[in-house]
Amino acid sequence: MPIIVNLDVMMAKRKMSMSELSEKVDITLANLSVLKNNRAKAIRFSTLEKICNVLDCQPADILEYRSEK
C-alpha cells in the first residue's frame with residue numbers, strides 16, 4: 001500500500017505512549033494499533049484531526065505517500 005502511517009515516529013518525538021494517545025484521542029488501543037502498524041485501510045478526518053491536535057503536528061507528519069514503482 002503506497003500510504004505509510006508514521007504515527008509511531010510522531011509518538012516517539014512527543015514521548016507519548018499508545019495508552020496515553022488512545023485516552024486523549026478517545027480511540028481504542030486496538031484501533032490505534034491497527035493504525036500505528038500500517039494495517040488500516042481508512043481513517044476518519046475527525047480521528048486524524050484529534051491525533052494531530054494531541055500530537056501537535058500536521059497530517060503530513062503522520063501520513064506519507066510512497067510510489068509502488
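The values are calculated or read from the model by the stated rules, or taken from the named source; none is laboratory data. Keep in mind that this is a model prediction, so the values were computed, not measured. Positions of Cβ are backbone-derived with ideal geometry, glycine not excepted, and every protein chain shown enters the neighbour counts.
Some observations on this one:
- Restricting attention to segment 1-57 and to residues that are among the polar types (S, T, N, Q) and closer than 26 Å to Lys69 by Cβ, the residue that is surrounded by the most Cβ atoms within 10 Å (Cβ to Cβ) turns out to be Asn6.
- Long-range neighbours under 6 Å by Cβ, at least six apart or interchain, first residue closer than 13 Å to Ile62 by Cα and among the charged types (D, E, K, R) within segment 1-24, second modelled with pLDDT of 95 or more and surrounded by 13 or more Cβ atoms within 10 Å (Cβ to Cβ): Arg14/Leu55
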